[in-house]
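Below is one structure, written out as structure tokens; the observations come after it.
The values are calculated or read from the model by the stated rules, or taken from the named source; none is laboratory data. Here the structure is a predicted model, which is why all the values come from computation and not from measurement. When we count neighbours, we look across all protein chains shown, and the Cβ atoms used for this are built from the backbone with ideal geometry, even at glycine. Calculation scope for accessible area: heavy atoms of the full protein, side chains included, ligands and nucleic acids excluded. Shrake-Rupley method; radii C 1.70, N 1.55, O 1.52, S 1.80 Å.
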Amino acid sequence: MNTPNSREGNLIRFVVYCIAYVMAAGVVELVSQKTPLRVWDLILYALVTTMVLLFYVYRFNREQRFFERVATLPVLGDFGLTVGLTLATIASRILVMYFQTLGKVPSYGFQASFVKHESTGLFWFLMLAEGIVLPILQQYLTTGFLFNYLFRDNNRTVALIGIVCSGILFSLLNFQHSLILLVIEAAYGMFFAWSYMYTQTLRMPIYLAILSGVLIVVMM
């Protein structure tokens, strides 16, 4: 029960991590539906998300000692790779926005909420919450903890299954009432998972997820 080698322990831990994420996402949804933003709501958001983020970081770093150390690639260790992944993220998000303007792809839930309650304060709150904090939490769940617990075998089949499962989980965490958006989010989730597998560091998918999240908010 005490190490990531325990299936029962892994399941319990992952459920706890998911519950913590639901709490953070729920507070974001609660605050974003109210305008103007209230101080006590923002304080609640800050307390919950800070607590969850610190919990994730502590648990992830603590569990790393149970695994063999492997070579990792810093975010700028392969500058060409980083630039390529950055451009791919930017270009794909612009393409999604373009199809949204044509009405072929629906808006994300928080985009619709912003249009309904548009304000400068709400924009910056969504920039912080949807653009930065939630993407970080999602990558700890969909790449860090998920691969640590279920997909650590060093072979191509396990890696491919892990990438697909990570994409599906990422799509569920960003649940939208649209099949098209669910598929798009699953594709992004698999893209982020691949970057994690390739670089063997959580920094890369976190960077790409934040970039993607910020672009969604900026292009509302």
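Taking only the range 187-215 into account, find how many residues are part of a helix (DSSP H, G or I), open to solvent by less than 20 Å² (accessible area, probe 1.4 Å) and not aromatic (Phe, Trp, Tyr).
10
Every residue in the range 17-72 that is open to solvent by less than 70 Å² (accessible area, probe 1.4 Å), modelled with pLDDT under 85 and farther than 23 Å from Tyr196 by Cα, please.
Matches in the range 17-72: Ser32, Lys34, Thr35, Leu37.
Starting from the range 101-115, take each residue that is in a helix (DSSP H, G or I) and list its partners that are among the hydroxyl-bearing types (Ser, Thr, Tyr) and open to solvent by less than 40 Å² (accessible area, probe 1.4 Å), counting only C-beta distances under 9 angstrom and pairs at least six apart or across chains.
Pairs found: Phe110/Ser32; Ser113/Ser32; Phe114/Ser32.
Could you check the range 27-49 and list, in sequence order, the residues that are of a type outside the set (Phe, Trp, Tyr), assigned to a helix (DSSP H, G or I) and under 16 Å from Leu122 (Cα atoms)?
Of the range 27-49, the ones of a type outside the set (Phe, Trp, Tyr) are 27-39, 41-44, 46-49.
Adding the requirement that they be assigned to a helix (DSSP H, G or I) leaves 27-32, 39, 41-44, 46-49.
Residues satisfying the conditions are Val27, Val28, Glu29, Leu30, Val31, Ser32, Val39, Asp41, Leu42, Ile43, Leu44, Ala46.
Identify the residue in the range 134-162 that is modelled with pLDDT of 90 or more and open to solvent by 20 Å² or more (accessible area, probe 1.4 Å) and, among all such residues, is nearest to Val105 (Cα to Cα).
Among residues in the range 134-162 that are modelled with pLDDT of 90 or more and open to solvent by 20 Å² or more (accessible area, probe 1.4 Å), the one nearest to Val105 (Cα to Cα) is Ile136.
Across the range 164-184, what is the total count of residues that are touching a Pro at 6+ places or on another chain (Cβ under 9 Å) and among the aliphatic types (A, V, I, L, M)?
Count: 2.
Going through the range 165-183 one residue at a time, which ones are modelled with pLDDT of 90 or more, open to solvent by less than 70 Å² (accessible area, probe 1.4 Å) and more than 23 Å from Gln64 (Cα to Cα)? Show your work before the answer.
The initial filter retains those residues of the range 165-183 that are modelled with pLDDT of 90 or more, namely 165-174, 179-183.
After this cut, where a residue has to be open to solvent by less than 70 Å² (accessible area, probe 1.4 Å) as well, the list is 165-167, 169-171, 173-174, 181-182.
Matches in the range 165-183: Ser171, Leu173, Asn174, Leu181, Leu182.
Among (1) assigned to a helix (DSSP H, G or I); (2) under 18 Å from the mean Cα position of the chain (by Cα); (3) not aliphatic (A, V, I, L, M), there is one condition Gln176 misses while meeting the rest; what is its number?
Result: Gln176 fails condition (1) only.
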